[in-house]
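The values are calculated or read from the model by the stated rules, or taken from the named source; none is laboratory data. The structure presented is a predicted model; accordingly, all values stated were derived computationally and were not measured. Reconstructed Cβ throughout: ideal geometry from the backbone, glycine too, with neighbour counts over all protein chains shown. Note: areas computed on protein heavy atoms with side chains; ligands, DNA, RNA excluded. Shrake-Rupley method; radii C 1.70, N 1.55, O 1.52, S 1.80 Å.
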Amino acid sequence: MRLVFAGTPDAAVPTLHRLASDHGVAAVITRPDAPLGRKRVLTPSPVARAADELGIPVIRAARLDDEVTQRIAALRVELGVIVAYGGLVREPLLSTPRAGWINLHFSLLPQWRGAAPVQRALIAGDARLGASVFQLVPELDAGDVFASRAFDVPDAATAEVALRTLAEAGAELTAEVVSGIANGTAIAQPQQGEASYAAKLTLEDGVLDWSQPVEVVFARFRGVTPEPGAHTTIDGQRLKILEAAPAFDAEALPSGHITATKSAVLIGTASSPLAVTRVQPAGKGAMQAADWWRGQRAAEGLRAGS
């Protein structure tokens, strides 16, 4: 099929590569270059870089407005495919391709409709994640589903790791659906069950609550790593937690109480401690947690969340 592809982050790249190998991708739509790093250098999105490597024309757009619609109409594409573009497809663009648009979404719809499905599922402690390919409609993530696939989640997988796995599997799932649409065998079914919603994460979502059991604390850590990042405060200063795991065999500590071993910093929760192995203090680079702790003054008097 002759396609237009819309996507922005790393998670969308495997699908672009897969479709480009099987079909004709006439153009890629992605978000404009964004300032990254301390020097705020304008940087193309991962999808823009991938499209350039594949020799596919790139349309950079913050909104899918009339101008974008006209450019896509001129390409006479048969189907639009969207993966984490970061914006809404509305009429008349929604109906511009002959077969409309399909969306690869990283959840088992209707669970976790919205911007952060993997992250919210991990925070909620879901044991399984999934990917769904559905027909795009004006209502948020509510269209009929062509195909879904569920995956068991490794116990320690962060959102970054889970998304990487789902992105690869979702690329294959999307390719199967596109081929089915092309040959007329693809059939979409209405979503079944109660919908839940996955709002975009904020910095506040990364705060770890040490009054909760370690399973709850670790679930939040997994869901917000690497973005917006898990963090706590120590003596009024933010400390970002980069690597951690439950310490089920360690002696229980009061919530927020900190102690250390040779290789980790233990922080008390409502049950077992969380073993923190890598951190990033405010205004500094990443470091081993044990090295950070040794550098603290009056360490015995400090508590996480204070």
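Find how much the distance from LEU203 to VAL137 grows on full extension, using 0.36 nm per residue of separation minus their present alpha carbon separation; answer in nm with one decimal. Write down the numbers at each step before the final one.
Working: separation 66, 0.36 × 66 = 23.76 nm, distance 3.02 nm.
Difference between extended and current length: 20.7 nm.
Between GLU227 and ALA73, what's the calculated FRET efficiency when r is the beta-carbon distance and R0 is 30 Å? Round to 0.05. Could you put the intermediate results ahead of the total?
Working: r = 35 Å, r/R0 = 1.17.
Here the calculated transfer efficiency is 0.30.
Within the chain, which is the longest segment containing none of the trypsin sites (Lys or Arg not before Pro) that sit in a DSSP loop and have at most 16 other Cβ atoms within 10 Å? Provide the component values of the computation, followed by the final result.
On the way: sites that count: ARG38, LYS39, ARG40, ARG63, ARG76, ARG90, ARG98, LYS200, LYS262, LYS284, ARG297.
Formally, the longest exposed-site-free interval is 99-199.
Compute the orientation-averaged projected area for region 2-198 from the convex hull of its Cα atoms and round it to one decimal in nm². Could you put the intermediate results ahead of the total?
Details: hull surface 44.9 nm².
One quarter of the hull surface, i.e. the mean projection, equals 11.2 nm².
Between the helical axis of 66-75 and the dominant principal axis of the chain, each derived from Cα atoms, what acute angle in degrees is found, rounded to the nearest 10?
That helix lies at roughly 60 degrees to the long axis.
Hey, what does the equivalent ellipsoid look like for region 203-295, semi-axes from the Cα gyration tensor as sqrt of 5 times each eigenvalue, largest first, whole Å? Write down the numbers at each step before the final one.
Numbers: eigenvalues 63, 51, 25 Å².
Three semi-axes, in Å: 18, 16, 11.
Could you check the simple spin-label distance between GLU251 and ALA286, using points 7 Å along Cα→Cβ, in nm with one decimal?
3.2
So if I take the centroid of the Cα atoms in region 94-162 and the same for region 243-306, what is the distance between those two points in Å?
35
Working from Cα positions, state the angle (0 to 90°, nearest 10) between the long axis of helix 159-183 and the longest principal axis of the chain.
The angle comes out near 10 degrees.
So if I place +1 on the C-beta of Lys and Arg and -1 on the C-beta of Asp and Glu, and nothing else carries charge, what would the dipole magnitude of region 203-295 be about its Cα centre? I want it in debye, nearest 20. Before the final figure, lay out the partial values.
Numbers: 8 positive and 10 negative charges, 62 e Å.
Result for region 203-295 is approximately 300 debye, rounded to the nearest 20.
Calculate how large, on average over all directions, the projected area of the Cα convex hull of region 229-275 is; give the answer in nm² to one decimal.
Details: hull surface 13.7 nm².
Across all orientations, region 229-275 yields a mean hull projection of 3.4 nm².
Roughly how big is region 1-73's charge dipole about its Cα centre, with Cβ charges of +1 (Lys, Arg) and -1 (Asp, Glu), in debye to the nearest 20? Could the numbers behind the result be given before it?
Details: 10 positive and 8 negative charges, 61 e Å.
With Lys and Arg at +1 and Asp and Glu at -1, about 300 debye.
Whenever you get a sec, compute what percent of the accessible area on region 1-151 sits on carbon and sulfur atoms (1.4 Å probe).
Working: 3420 of 6760 Å².
Of the solvent-accessible surface of region 1-151, carbon and sulfur hold 51 percent.
Please say if region 1-78 is rounded, prolate or oblate, where rounded means a/c under 1.5 for a ≥ b ≥ c the square roots of the C-alpha gyration tensor eigenvalues, and otherwise the choice is prolate for a/b larger than b/c and oblate otherwise? Mind dumping the intermediate values first?
Working: a/c = 2.65, a/b = 1.39, b/c = 1.91.
Judged from the Cα gyration tensor, region 1-78 comes out oblate (a/c at least 1.5, b/c at or above a/b).
Set the Förster distance to 35 Å, then compute FRET efficiency between ALA62 and GLN296 from the Cβ-Cβ distance, nearest 0.05. Let's see the in-between values first.
On the way: r = 43 Å, r/R0 = 1.24.
My answer for the efficiency is 0.20.
Nothing charged except the Cβ atoms of Lys and Arg (+1) and of Asp and Glu (-1): what's the magnitude of the dipole of the chain about its Cα centre? Round to the nearest 20 debye.
Numbers: 29 positive and 32 negative charges, 184 e Å.
Charge dipole of the chain: 880 debye, to the nearest 20.
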